[in-house]
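The values are calculated or read from the model by the stated rules, or taken from the named source; none is laboratory data. None of the values given here were measured: they were computed from a predicted structure. Here the Cβ positions follow ideal geometry from the backbone for every residue, glycine too, while neighbour counts run over all protein chains shown.
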Amino acid sequence: MKKKLIFLVKLAVMVVTFAFVGVKIAEAWHTIGEHPVHVDWRWSLLIPLGYIGVMIDNALTWLWLARQMGDRSHVTPLIGAYVFSQAGKYAPGKLMLVIMRIERAHRVGMSRETCVLSTLLENAMYTLSGGLVGAIAMFIAVRNHPVYLILSGAMVVGLLVFFYPAVFFGVINMVLKSMKRQPIPPSRQFRRRHMFAAVFMFLPCWVCGGFALWAAVNCLTPAPLNSIPMLSGAFALSVSLGMFSLLPGGLGVREVIQGIFLAPFLHNSIILVGAAVGLARLFQVVVEMILALIGGAITSRYPPVTATENSLGDRE
């Protein structure tokens with residue numbers, strides 16, 4: 001029943017999102033041809049830097065969460081395990097990401113339980129942080145529209161509620177129970193200061209993502225440097241709402257949200273907006289695949305855990 005409800009929620013979000021896009025495309029159809037696409041590829045050299053920053057910040061935050069759970073495995077191979085597993089998010093359901101991370105992280109000494117819990121917490125705090133940053137950006141962007149202002153304000157307040165450990169870990173434990181795993185006991189739950197620390201550790205990730213979008217826009221038309229904070233919020237919101245996409249990697253939903261924020265910088269041209277978000281997604285995938293290969297090479301030096309070692313590790 002829960003799986004069906006989650007599927008219906010994701011389907012509803014995608015239908016509403018694409019319906020909105022359809023309306024905007026129809027309204028902007030006349031702009032096609034008014035702004036021919038000329039790509040300045042020099043700016044494209046900066047896009048990968050942004051996505052490398054996104055990946056490294058996420059890996060370090062995940063590593064910090066694992067450290068809070070007592071893991072003391074070597075840093076470099078664990079970062080390799082993280083970036084290697086990110087290739088798995090392009091398989092439906094993100095299950096492949098978790099499997100790949102467990103297998104590689106376990107090779108270098110991290111227990112399966114710690115890997116699962118830290119990954120679950122990382123994804124939850126990643127979504128919470130992105131939603132909060134994105135909602136604040138939306139609050140600023142729609143300050144002249146009372147209805148949207150109220151909705152975005154309510155979103156900010158609602159997300160802040162999850163900073164209370166009792167609420168946050170209550171939701172996490174519900175997810176763990178649905179996965180038929182033991183809930184996190186109160187003794188292992190983070191305090192509020194740890195919650196704030198973990199969520200705010202993702203801020204460099206959103207800034208790097210905003211920088212990548214800014215560089216993508218500059219490939220097509222000049223964009224002011226002071227637009228990066230707003231584009232950081234756009235990237236953060238797109239990532240959080242992308243969790244509701246039925247397609248791997250938040251495909252579709254992310255591009256739509258980013259396109260809405262990019263439109264004012266690109267003369268509201270559907271062609272230019274499509275080109276910008278397309279460039280951003282293309283470079284993101286390329287960066288993630290290259291880093292996954294590097295991470296795979298780093299962790300492949302460690303032998304796979306045998307069945308006996310695996311069972312002993314789980315008992316520990």
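Within segment 261-281, residues that are under 11 Å from residue 223 (Cβ atoms) have Cβ atoms under 8 Å from residues that are part of a loop (DSSP other than H, G, I, E, B) in these pairs: 265/221; 265/223; 266/35; 266/220; 266/221; 276/219; 276/220, counting only partners at least 6 apart in sequence or on another chain.
Here the condition is being under 20 Å from residue 294 (Cα atoms) and surrounded by 20 or more Cβ atoms within 10 Å (Cβ to Cβ); of 91, 66, 135, 105, it holds for 105 alone. Counting only helices (runs of 4 or more DSSP H) that fall entirely inside segment 126-228 and contain at least 3 residues that are within 25 Å of residue 256 (Cα to Cα) and without any contact (Cβ under 8 Å) to a residue 24 or more places away in the chain, the qualifying elements are 146-161. Residues in segment 172-195: is at least one touching a Ser or Thr at 6+ places or on another chain (Cβ under 6 Å) and among the aliphatic types (A, V, I, L, M)? No: zero hits. So, residue 79, is that one buried (at least 19 other Cβ atoms within 10 Å of the Cβ), touching a residue at least 12 places away in the same chain (Cβ under 8 Å) and either in contact with a Lys or Arg (Cβ under 8 Å, 6 or more places away or on another chain) or of a type in the set (Phe, Trp, Tyr) (or both) or not? So residue 79 does not fit the description; no.
Inspect all residues belonging to segment 236-248 and state whether any of them is out of contact with any His (no Cβ under 9 Å at 6 or more places or on another chain), part of a helix (DSSP H, G or I), surrounded by fewer than 19 Cβ atoms within 10 Å (Cβ to Cβ) and in contact (Cβ under 8 Å) with a residue 60 or more places away in the chain. Checked segment 236-248: at least one residue is out of contact with any His (no Cβ under 9 Å at 6 or more places or on another chain), part of a helix (DSSP H, G or I), surrounded by fewer than 19 Cβ atoms within 10 Å (Cβ to Cβ) and in contact (Cβ under 8 Å) with a residue 60 or more places away in the chain. One residue alone among 259, 210, 278 is under 27 Å from residue 56 (Cα atoms), surrounded by fewer than 16 Cβ atoms within 10 Å (Cβ to Cβ), at pLDDT 80 or above and of a type outside the set (A, V, I, L, M, F, W, C), and that residue is 278.
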